[in-house]
Amino acid sequence: MENIIEVKNLAKKYGSFTAVDGINFSVQAGEVFGILGPNGAGKTTTLEMIEGLKPMTSGEAVLDGHNVSRETRLVKSLIGVQLQSSSFFDALNLKELLEIFASLYNRKVDAMELLREVQLDEKWKAQVKELSGGQKQRFSIAAALVNDPKVLFLDEPTTGLDPQARRNLWDLVTLINKKGKTVVLTTHYMDEAEVLCDRIAVMDHAHIVAMDTTENLLKMPGLSTIARFRVDKPLVDGARLKTLTGVTEVEHEDHTYRLTTDNSEATLADLFKFGREAGFKLLDLQLHQPTLEDVFLKLTGHALRD
Amino acid sequence: MRTLAILTWSAIKMFARNKQALFFTFFFPILLMTVLGLINFDKTSKIDVGLVLTGPPNQATAQFVGALKKIDFFTIHEGIETDERQALVDDKRAAVFIIPWSLIPGPSKVTVVSNVGNPQGAATALNIISGMLDKTALSITGASNFFNVINEEVNTHHLKYIDFLLPGLIALSVMQMSVFSVAFLFVNYKEKGVLKRLIATPMLPSIFVTSNVITRMIVTLLQTTLFIALGVFIFHAHVIGSYWLIFLIAVLGSIMFLGLGFTISGIASTVESVPPLANLIVFPMLFLGGTFFPVDSFPAWLGHIAKYLPLTFFSDAMRSVMTKGYTISQISNDLLWMFGWAIVMVVLANITFGFEEKRQ
């Protein structure tokens with residue numbers, strides 16, 4: 001597939017502080033690419049350098065064949081941007097705002113149609129300050145679409161939204177992506193990345209620590225599955241649980257056991273065998289599959305702070 | 001061009017929908033003009049005099065009293081002697097005239113009781129009545145006047161306080177509007193990230209600044225026109241000079257203070273820090289810029305500072321054209337200074353103000 005964004009050795013330094021430390025990645029046309037990481041990892045700085053909002057200290061970014069540093073204005077005309085804390089003029093209504101933004105690209109836009117796409121057509125007379133958090137983000141996406149961009153950049157689009165508004169926004173992003181737009185988004189929500197992104201770059205402390213399809217990241221070797229169950233009578237030979245294939249850790253409290261395994265299939269087979277031989281029954285067996293949270297923990301050695 | 005037109009039109013809409021901006025741009029100066037216009041600084045207050053007639057007046061006395069009552073300077077209170085003397089003691093009269101019933105020159109005695117607490121009023125009253133008595137005496141004796149005093153008023157254009165006030169008030173309003181409307185708006189934009197959102201588009205920052213400058217030029221011309229119209233039609237102010245020149249001065253003044261407004265926008269990081277910062281610069285000019293008091297009336301050291309303030313040149317140029325009908329060459333000194341200040345402010349604005357957030 002064709003790469004619409006190529007980032008090479010991109011770095012940003014503020015004095016002695018390195019916000020982004022020579023990262024490389026590419027985004028394919030038509031995909032949803034996520035940059036996942038905790039606050040302060042360098043996600044926003046990375047995005048803003050590619051958007052032409054912040055000068056790069058070194059390295060380069062090429063968008064649709066154009067060098068961002070050299071052809072900044074051209075690149076800006078090809079992309080749509082939603083900033084982390086989006087803000088617009090006071091005293092103008094949504095329709096007027098979209099028309100002004102279109103004029104900044106020397107374009108005309110059917111503002112009502114665009115508002116309909118983000119389900120705000122009934123609110124066209126309202127001002128941004130009268131909108132709810134979710135509506136504001138949807139409007140901000142509409143404003144990012146006035147120039148029919150090739151790439152849509154979303155910087156933490158659902159931070160601070162309630163669960164319903166988040167799902168609503170996910171649907172909107174999916175819809176926009178299905179219409180053929182490449183989407184690059186940052187997030188510190190694992191579930192968001194899992195639901196939306198085709199590929200994910202995990203960032204921590206100014207570096208990309210892993211980058212792959214969401215599926216592959218979750219299949220990363222060394223990630224543990226947890227099997228949790230109760231037994232119907234006390235285990236005489238509890239220590240044998242530790243010897244089951246794949247098991248790395250056993251914890252128990254009364255009759256409830258928790259096995260950590262890096263090979264869940266083999267462990268389960270052994271566990272059933274052990275049950276038959278020792279004459280106990282497994283009750284409420286639950287498997288907990290690894291999540292991106294675990295991927296992150298595995299990669300960085302620390303939890304994703306929120 | 002289309003982008004500039006749309007942005008300018010939007011900026012005008014935003015200005016017109018901002019109630020606070022409208023209040024300070026139009027209504028507040030009108031309020032100020034009304035209050036100051038109603039207080040009449042031009043008329044000296046009248047002198048209260050008491051008049052005591054000791055008997056029923058004869059023809060000559062009646063004539064004399066009639067003439068006395070026609071004098072604008074006096075508010076005449078007729079009464080009996082004891083009451084009027086008491087009124088004088090209570091400082092309600094500057095003087096009391098006690099006039100005998102038969103006013104015949106020679107034996108008649110007109111007594112003037114003066115209030116030493118009001119020497120000016122008393123002296124004026126005494127002078128006027130002496131003059132009148134002399135005239136009466138002459139007319140009774142049938143002698144003709146040797147001299148006639150013809151009072152010719154020489155106050156070139158009947159200038160009043162409103163004529164002094166109006167040009168200064170225009171300059172002041174243009175300054176306030178230019179500085180505050182820009183500083184509040186742009187610091188707000190900067191703080192809320194509106195400017196950052198704008199430079200995420202291919203728009204050139206200069207176009208956005210230009211659209212806001214054009215908007216404020218239009219507002220400046222509206223202010224000037226409105227205040228002159230009100231001043232002339234309601235307060236009977238005089239405008240003698242060229243209107244084109246007046247508008248030119250207004251626009252130049254506006255550029256000067258828009259530069260200051262953008263400089264403050266560059267320095268202030270939050271909307272809350274705009275009023276202290278802007279007032280630090282603007283407030284002294286309110287009093288020293290020659291709006292309400294002439295700069296000549298300040299003590300010398302203060303006058304030296306006052307006369308170089310941007311607002312002083314602005315209101316001085318305005319006043320010279322409006323009340324004295326000066327031409328462009330006669331106010332060239334003011335215009336050059338304003339031009340100089342405008343360059344300084346615009347350069348400062350370019351140094352301090354930018355769309356990109358400056359990282360501390």
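No lab work stands behind these numbers, since they all come straight from the coordinates. No experiment lies behind these values; they were computed from the predicted model shown. We place every Cβ from the backbone using ideal geometry, glycine too, and count neighbours over all the protein chains shown.
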**Fill in**
Condition set part of a helix (DSSP H, G or I) and aliphatic (A, V, I, L, M), scope segment A:78-96, selection surrounded by the most Cβ atoms within 10 Å (Cβ to Cβ): answer is A:L94
**Asked** Here is a list of conditions, (1) touching a Ser or Thr at 6+ places or on another chain (Cβ under 8 Å); (2) part of a loop (DSSP other than H, G, I, E, B), and A:L223 meets all of them except one; can you say which number that is?
**Response** (1)
**Request:** Please enumerate the residues belonging to segment A:21-48 that are touching a Ser or Thr at 6+ places or on another chain (Cβ under 9 Å) and part of a helix (DSSP H, G or I).
**Result:** A:K43, A:T44, A:T46, A:L47
**Prompt:** Only one residue in B:P275, B:P202 is free of Cβ contacts under 8 Å to residues at least 12 places away in the same chain and either assigned to a loop (DSSP other than H, G, I, E, B) or touching a His at 6+ places or on another chain (Cβ under 6 Å) (or both), so which one is that?
**Reply:** B:P202
**Item:** Top-ranked residue in segment A:50-72 [being outside any loop (DSSP other than H, G, I, E, B) and of a type in the set (G, A, S); ranked as nearest to the other protein chains (Cβ to nearest Cβ)]
**Value:** A:A61
**Asked** Scanning segment B:311-333 for residues that are in contact with a helix residue (DSSP H, G or I) (Cβ under 9 Å, 6 or more places away or on another chain) and without any contact (Cβ under 8 Å) to a residue 60 or more places away in the chain, which turns out surrounded by the most Cβ atoms within 10 Å (Cβ to Cβ)?
**Response** B:F313
**Asked** How many residues are surrounded by 14 or more Cβ atoms within 10 Å (Cβ to Cβ) and under 23 Å from A:K219 (Cα atoms) when one looks only at segment A:246-286?
**Response** 16
**Candidates A:D232, A:D212, A:D204, A:D237 - the one that is among the charged types (D, E, K, R) and touching a residue at least 60 places away in the same chain (Cβ under 8 Å)** = A:D204
**Fill in**
Scanning segment B:205-227 residue by residue, the ones that are over 18 Å from B:M177 (Cβ atoms) and touching a residue at least 40 places away in the same chain (Cβ under 8 Å) total 3
**Item:** Residue that is farthest from A:P38 (Cα to Cα) [pool: residues in segment A:143-177 that are within 13 Å of chain B (Cβ to nearest Cβ) and out of contact with any Lys or Arg (no Cβ under 9 Å at 6 or more places or on another chain)]
**Value:** A:A144
**Message:** Taking the condition of being surrounded by fewer than 16 Cβ atoms within 10 Å (Cβ to Cβ), aromatic (F, W, Y) and either touching an Asp or Glu at 6+ places or on another chain (Cβ under 6 Å) or in contact (Cβ under 8 Å) with a residue 24 or more places away in the chain (or both), how many residues in segment A:1-33 meet it?
**Reply:** 0
**Complete:** Counted residues in segment B:47-83 being outside any strand (DSSP E or B) and among the β-branched types (V, I, T) come to 6
**Yes/no for A:V75 being within 25 Å of B:M14 (Cα to Cα), in contact with a strand residue (DSSP E or B) (Cβ under 8 Å, 6 or more places away or on another chain), facing chain B (nearest Cβ under 10 Å) and not in a loop (DSSP other than H, G, I, E, B)** = no
**Prompt:** Taking the condition free of Cβ contacts under 8 Å to residues at least 60 places away in the same chain and among the β-branched types (V, I, T), does A:V173 pass?
**Reply:** no
**Item:** Residues within segment B:185-197 that are part of a helix (DSSP H, G or I), touching a Leu at 6+ places or on another chain (Cβ under 7 Å) and facing chain A (nearest Cβ under 7 Å), tallied
**Value:** 2
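Quick one: which of A:T291, A:T260 is within 32 Å of the chain's Cα centre (by Cα) and closer than 30 Å to A:T159 by Cα?
Testing whether each residue is within 32 Å of the chain's Cα centre (by Cα) and closer than 30 Å to A:T159 by Cα leaves just A:T291.
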**Prompt:** What are the residues in segment A:97-113 that are surrounded by fewer than 22 Cβ atoms within 10 Å (Cβ to Cβ), without any contact (Cβ under 8 Å) to a residue 40 or more places away in the chain and more than 7 Å from every other protein chain (Cβ to nearest Cβ), if any?
**Reply:** A:E99, A:K108, A:V109, A:D110, A:M112, A:E113
